[in-house]
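Chemist: Structure provided below as structure tokens; questions to follow.
The values are calculated or read from the model by the stated rules, or taken from the named source; none is laboratory data. These figures come from a predicted structure and were not determined experimentally. Virtual Cβ from ideal backbone geometry, glycine too; neighbours counted across all protein chains shown. Heads up: the accessible areas ignore ligands, DNA and RNA and are worked out on the full protein's heavy atoms, side chains in. Shrake-Rupley method; radii C 1.70, N 1.55, O 1.52, S 1.80 Å.
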Amino acid sequence: MPVLVTGLQPTAEIHLGNYLGAIRSWTVLQRRTESFFFLADLHALTTAPEPEKLRAHTLDCAAMLLACGIDPNFAHIFVQSQVHGHTDLAWFLSCWTSLGQLERMTQFKDKAARREDGFVGAGLLYYPVLMAADILLYGANLVPVGEDQRQHLELTRDLAIRFNGAHPDTFPVPEPFYPENCARVMSLQNPTAKMSKSDPNRAGVLFLSDDDGTIRKKIRSAVTDSGRELRSGPDKPGISNLLQILAALTEEPVAQLERRYGDSSYGEFKGAVAEAAVAAIGPIREKYFALKCQRDYLLDVLAEGRRATQARADVTLAAVRDRLGLL
Ligand code: AQP
């Protein structure tokens, strides 16, 4: 089976964008690939999270992945920092990475520019190398990527090819992979920015732990556009986002929804989006709160994930160490 690797940063609670843009497709892919799903706590450190919050979110995100349908009988679920090898391989790979390529990363430039205190940690520059290590450590063939990660995967491929050039057949060269039925979900309050865990405006983010009343309220208050026409288009980012969300939730094409709700008011349409969101999020939320109470079970799942992935990581790391001439 092809090997698939992907991760999620436990920086805050998981939201509808994470689900419709990634996790829902992972629940299908886990049956067709050998899947490695990790909680990227080392990546989360670039945002300097409070230690207690990082610890809590890591376990909560594990509970949410299970609630969404990630099944430890099919997939490896683990915490990145608990498997030895990610940081070692990142160091080895960094010696094969050009500084210029890292400095050209648009994510680096964007994130560095957004640092309000002006402090830009070297981790922000270096984290694409850690991403490359996350992927190459398990010999991934497939990496599901969003548009914003394309450059990072390109770096991973370059590194695999460069390393293989000197040490043939060390790493499979991973392919980018765009899963079907993935939606890019924008903030309900600022539909030109993506829905984000770290958005300080919680009204713009539909968390999978939100209760039905909160979901309805957030969708009712979603920013819409001027005019009354209910259609998708670059001049209507608010309605386009809601149409996109409804399409992803109901698996009905946007064009069909435009026809169906063409004569409806924005209020009626928002009601339909809210009910679809309540229907999708409700069962996930219930499972999540039940799992959240089962701390020991969650720790067992992560320990098993760690055990299985560590064995794989050790094999890659031993091969790389040997090829590099480390004693
Ligand atoms: N709004 C989104 N729409 C579609 N997909 C999304 N993803 C994130 N936001 C959206 C996808 O979710 C997966 C896990 O994301 P992540 O936690 O690794 O990092 P992120 O992309 O940085 O997510 P956030 O929510 O924006 O987190 P913060 O605020 O911490 O930066 C990825 O596959 C991502 O594409």
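Chemist: What is the helix-to-structure angle for 237-250, meaning the angle in degrees between its Cα long axis and the longest Cα principal axis of the chain, kept from 0 to 90 and rounded to the nearest 10?
Modeler: 80 degrees
Chemist: From the residues Leu29, Leu317, Asn190, which one has its Cα farthest along the dipole of the chain in the positive direction, the dipole being from +1 and -1 charges on Cβ of Lys/Arg and Asp/Glu about the Cα centre?
Modeler: The listed residue farthest towards the positive side: Asn190.
Chemist: Ignoring ligands and nucleic acids, what accessible area does Thr250 show with a 1.4 Å probe (Å², nearest 10)?
Modeler: Estimated to the nearest 10 Å², Thr250 gives 60 Å².
Chemist: Enumerate the amide H contacts of Gln9 below 5 Å, restricted to partners 5 or more residues apart or on another chain; note that Pro and chain-start residues carry no placed amide H.
Modeler: Those qualifying (amide H under 5 Å, at least 5 residues apart or on another chain) are Ala40.
Chemist: Can I get the semi-axes of the chain's equivalent ellipsoid? Compute them from the C-alpha gyration tensor as square roots of 5 times the eigenvalues, in angstrom, largest first.
Modeler: 36, 22, 19
Chemist: Please list Trp96, Trp91 from largest to smallest accessible area, probe radius 1.4 Å, with all protein chains kept in place.
Modeler: Largest accessible area first, the residues go Trp91, Trp96.
Chemist: What is the calculated FRET efficiency for Ala203 to Asp296, with r their C-beta to C-beta distance and R₀ = 56 Å, to the nearest 0.05?
Modeler: Approximately 0.95, to the nearest 0.05.
Chemist: List the residues of region 229-248 whose backbone N lies under 16 Å from a point placed 7 Å from the Cα of Ala255 along the Cα-to-Cβ direction.
Modeler: 231-233, 244, 247
Chemist: Among DSSP beta bridges lying fully in the chain, give the percent that are antiparallel, nearest 5.
Modeler: 10 percent
Chemist: Cut-off under 15 Å on the C-alpha distance; same-chain residues fewer than 8 positions from Lys292 excluded. Which aspartates and glutamates are left, in chain and number order?
Modeler: Glu13, Asp60, Asp210, Asp300
Chemist: In region 202-289, carbon and sulfur make up what percent of the accessible area (probe 1.4 Å)?
Modeler: 50 percent
Chemist: I'd like the orientation of helix 122-136 relative to the chain: the angle between its Cα long axis and the longest Cα principal axis, in ° from 0 to 90, rounded to 10.
Modeler: 80 degrees
Chemist: Please give the length that would be gained between Glu304 and Thr47 if that part of the chain were fully extended, namely 0.36 nm times their separation in residues minus their C-alpha to C-alpha distance (nm, one decimal).
Modeler: Extending this stretch completely gives an extra 89.7 nm.
Chemist: So, one more: Could you tell me the relative contact order of the chain? Use alpha-carbon pairs under 8 Å, at least six residues apart, and round to a whole percent.
Modeler: Normalised by residue count, the contact order of the chain is 22 percent.
Chemist: Here is the link list: Lys111/Lys270; Lys197/Lys270; Lys53/Lys270. Which ones come out longer than 27 Å on Cα distance?
Modeler: Beyond 27 Å between Cα atoms: Lys111/Lys270; Lys53/Lys270.
Chemist: Using a 1.4 Å probe, what is the accessible area per residue for the chain, in Å²?
Modeler: 48 Å²
Chemist: Continuing with the same structure: Using a simple charge model, +1 on the beta-carbon of Lys and Arg, -1 on the beta-carbon of Asp and Glu, nothing else, what dipole does the chain show about its Cα centre, in debye to the nearest 20?
Modeler: Computed about the Cα centre, the dipole is about 260 debye.
Chemist: Evaluate Rg over Rh across region 1-57, taking Cα atoms for both radii and Kirkwood's formula for Rh.
Modeler: 1.04
Chemist: Another one. For region 150-158, what does the Karplus curve 6.51 cos²θ - 1.76 cosθ + 1.60, with θ = phi - 60°, yield as ³J(HN,Hα) per residue in whole Hz, taken in order and with x for Gly and Pro?
Modeler: Here the 3J(HN,Hα) series is 4, 4, 5, 5, 4, 4, 4, 5, 4 Hz.
Chemist: Please list, or write none, the aspartates and glutamates whose alpha carbon is within less than 16 Å of the alpha carbon of Lys217, excluding same-chain residues fewer than 8 places away.
Modeler: Those aspartates and glutamates meeting the cut-off are Glu268, Glu275.
Chemist: Along Cα→Cβ, 7 Å out, is where each label goes; now give me the distance between the ones at Arg115 and Arg220 in nm to one decimal.
Modeler: 4.3 nm
Chemist: Another one. On alpha-carbon atoms, Rg over Rh for region 124-238 using Kirkwood Rh?
Modeler: 1.14
Chemist: What is the distance in Å between the Cα centres of region 117-135 and region 33-77?
Modeler: Value for the Cα centre distance between the two parts: 19 Å.
Chemist: If you don't mind, there's one more thing I want to ask. Note down the accessible area of Lys236, probe 1.4 Å, to the nearest 10 Å².
Modeler: 10 Å²
Chemist: Could you compute how much accessible surface Leu298 exposes when probed at 1.4 Å, giving the result in Å² to the nearest 10?
Modeler: Accessible surface of Leu298 is approximately 0 Å².
Chemist: How large is ³J(HN,Hα) for each residue in region 253-258, as worked out from phi by the Karplus curve 6.51 cos²θ - 1.76 cosθ + 1.60 (θ = phi - 60°), to whole Hz, x for Gly and Pro?
Modeler: With the stated coefficients, region 253-258 comes to x, 4, 4, 5, 5, 4 Hz.
Chemist: Ok, one more. Quick one: with all protein chains in place, what share of the accessible area of region 54-169 is carbon or sulfur, to the nearest percent (1.4 Å probe)?
Modeler: 54 percent
Chemist: Can I ask one more? What area, in nm² and to one decimal, does the C-alpha convex hull of region 202-289 cast on average over all directions?
Modeler: 5.5 nm²
Chemist: Using label points projected 7 Å from each Cα along Cα→Cβ, tell me how many nm separate Arg55 and Glu180, to one decimal.
Modeler: 4.4 nm
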